[in-house]
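Okay, so here's the structure we're looking at.
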Amino acid sequence: EVDWFSLASILFLLLFAPLIVYYFIMSCDQYQCSLTDSLRDLLTGNKHLSDIWNKTPMLTYRAAGIYCLWVAFQVFLYVFVPDFCHKFLPGYVGGVQEGAVTPAGVVNKYEINGLQAWIITHVLWFANAYYFHFFSPTIIFDNWIPLLWCANILGYAVSTFAMIKGYFFPTNAKDCKFTGNFFYDYMMGIEFNPRIGKWFDFKLFFNGRPGIVAWTLINLSYAAKQQELYGQVTNSMILVNVLQGIYVLDFFWNEAWYLKTIDICHDHFGWYLGWGDCVWLPYLYTLQGLYLVYHPVQLGTANVVGVLMLGLIGYYIFRATNHQKDLFRRTDGNCRIWGKKAKDSECSSMCVDGTKYYSKLMTSGFWGWARHFNYTGDLLGSLSYCLACGFAHILPYFYIIYMTILLTHRCIRDEHRCSSKYGKDWKHYTAAVPYRLIPGVF
Ligand code: NDP
């Protein structure tokens, strides 16, 4: 059943999320990243909506060509180039890997080759920038708004296709979820793991590529634009490129681990993931770099060190916490955390066919400090990207505001699910680890 609050939130997002993205990108394009100047212009009658819209670059053939080539290239790398990185990179888990058991009891196989796709794409990018010069490295920035229309077309097309597919030709009918509410089903998805053929998995492809592979390229394009406009790349731009680059590389290095996260294990594929991955992620996660093109901030040494330390500490907590859970689950709790045998809280759950599953929730290490300390690390890292931009404008801080809302909501959503899944066992666990994000506070 869909309660009225969920429905209202979904309608709000369906209506306003595309406008929010447009508002941020337009504010940079027409108002030097000020979020208030456009509103002041409209309220004072200085400008009409049509004036702003008429100044907005439209879809161009060039942008459509670039975008089609980009997506086609990523599809090619995903489907037709099996992973070879795991053959020579020690410690890297790639190639064919298994996902978690779905509610219907299915275990999907995935071709993990995201790191390889990222490396090939970036090698080609640098080869072009320094040797071939087929196109300017500022190409993404220069076509940013026309590309936004392309990303929206793909985002809506894939979400609509996923909905139709869920009704008429699902990959696994037993893993479909129908609430009967059109908007909810469109937004949150019907199919659990929609696929075309044996290997093209919608969730893995759209979440990782084209959005996350593009993330670092978008930042590089912003750095190139700074170089073109001001003859130098500022240290804040380098910081944003490096810190977000670490986050992106971490994602691909750990792509097999990603199969065990909520996105893949619990979320169905609808507009939330489809449109979100195509539009929201590449456009709003990269706002800091975009801002720095318009406002080239040069930080003092103490600030550079402070931002870098915060970013690295956040990253360390994020990765170490996720690693602890991964190790704990892989070894069924037979592992050592911080030099001691891992402690846990036993729990059990029931599958749709009535089979009882036994599991364990870890209460050692960072997981003994708070129930979602991995989110806390993520938030510290996110804050560092924003701080790199100084304090002149609110726009670069959108990311930390958004991540706080996203991860707090995720916390509540996940705990609601775990509580119904584990029942009284979940209560025992939350009594042992009483805080969610910040020990002693929340
Ligand atoms: P988690 O990796 O925290 O996974 C939550 C699941 O882990 C629960 O549903 C439960 O699953 C299991 N679990 C919970 N507590 C324990 C415990 N104590 N011991 C063992 N297992 C436990 O969440 P996410 O998948 O949301 O996040 C993964 C990472 O991705 C996070 O670091 C997050 O910050 C990041 N992320 C980043 C986003 C971005 O946009 N940048 C978006 C979303 C996430 P089970 O049913 O198996 O028990």
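The phi torsions of the stretch 90-100, fed into the Karplus equation with coefficients 6.51, -1.76 and 1.60 and a -60° offset, translate into couplings of x, x, 7, 9, x, x, 6, 10, 9, x, 7 Hz, rounded to whole numbers, with Gly and Pro shown as x.
What is the chain's relative contact order, in percent, from Cα pairs under 8 angstrom and six or more apart in sequence?
On the way: 612 pairs, mean separation 70.4, N = 442.
Rounded, it is 16 percent for the chain.
Principal axis extents of the Cα atoms in the stretch 218-272, from largest to smallest and rounded to whole angstrom, are 47, 25, 13.
For the stretch 417-442 versus the stretch 166-203, the inter-centroid distance based on Cα atoms is 30 Å. Relative contact order of the stretch 299-441: 30 percent, from C-alpha pairs under 8 Å at least 6 residues apart in sequence.
What the pair-distance distribution of the stretch 299-441 shows, using all Cα-Cα distances binned every 10 Å from zero, is 11, 33, 31, 16, 7, 1, 0 percent.
Please work out the Cα convex hull volume for the stretch 97-233 and give it in Å³ per residue. Spell out each step's value before the answer.
Numbers: hull volume 19.2 nm³, N = 137.
Convex hull volume per residue, Cα atoms: 140 Å³.
Compared with the direct C-alpha span, the chain from Phe5 to His122 gains 37.8 nm at full extension, assuming 0.36 nm per residue.
Say the cut-off is 19 Å between C-alpha atoms; which of Lys340/Lys360; Lys165/Lys203; Lys260/Lys325; Lys198/Lys325; Lys343/Lys427 go over it? Display every interim value, and only then the final one.
Working: Lys340/Lys360 17 Å; Lys165/Lys203 14 Å; Lys260/Lys325 10 Å; Lys198/Lys325 30 Å; Lys343/Lys427 17 Å.
Flagged as over cut-off: Lys198/Lys325.
Once you have the alpha carbon radius of gyration of the chain, what is it after dividing by 2.2 N^0.38 Å, with N set to its residue count?
Against the compact-globule rule of thumb, the ratio is 1.01.
So what's Rg/Rh here for the stretch 1-103, counting alpha carbon atoms and using the Kirkwood radius for Rh? Working shown, then result.
Numbers: Rg = 22.4 Å, Rh = 19.0 Å.
Here Rg/Rh amounts to 1.18.
Under 5 Å between amide hydrogens, built in the peptide plane, is the criterion, and for Ser136 it picks out nothing among residues at least 5 positions away or on other chains. Among Gly270, Gly311, Gly300, the largest mean-square fluctuation in a Gaussian network model of the chain (Cα springs under 10 Å) belongs to Gly300. Normalised by the number of residues in the stretch 95-167, the average gap of Cα pairs under 8 Å and 6 or more apart makes the relative contact order 15 percent.
The spacing between the stretch 282-298 and the stretch 1-75, judged by their C-alpha centroids, is 16 Å.
First select every other residue whose beta carbon is under 12 angstrom from the beta carbon of Cys347; then total the charges, Lys and Arg +1, Asp and Glu -1.
Values: positive: Lys356, Lys360, Lys421, Lys424, Lys427; negative: Asp344, Glu346, Asp425.
Net charge in that neighbourhood comes out at +2.
Taking other Cβ within 10 Å of each residue's Cβ, how do Leu19, Leu204, Leu89 sort, fewest first?
Values: Leu19 10, Leu204 24, Leu89 15.
By the 10 Å Cβ count, ascending, the order reads Leu19, Leu89, Leu204.
Can you pull the semi-axes for the stretch 43-91, root of five times each eigenvalue of the Cα gyration tensor, sorted largest first, whole Å? The partial results should precede the final answer.
Values: eigenvalues 412, 50, 8 Å².
Calculated on Cα positions only, the semi-axes equal 45, 16, 6 Å.
Starting with the fewest neighbours, write out Arg209, Arg330 ranked by other beta-carbon atoms found within 10 Å of each beta-carbon. Intermediate values should be presented prior to the final figure.
Numbers: Arg209 24, Arg330 12.
Neighbour counts put them in this order, fewest first: Arg330, Arg209.
When the alpha carbon gyration tensor of the stretch 217-364 is reduced to an equivalent ellipsoid, the three semi-axes, largest first, read 39, 22, 10 Å.
Where does each of His428, His416 land when they are ranked from fewest to most other beta-carbon atoms within 10 angstrom?
Values: His428 15, His416 10.
Arranged by neighbour count, lowest to highest, His428, His416 become His416, His428.
FYI, it's all coordinate maths here, none of it is from the lab. Predicted model, so just to flag it, every value in this text is computed and none were measured. Methodologically, a virtual Cβ is constructed for each residue, glycine included, from the backbone with ideal geometry; neighbour enumeration extends over all protein chains shown.
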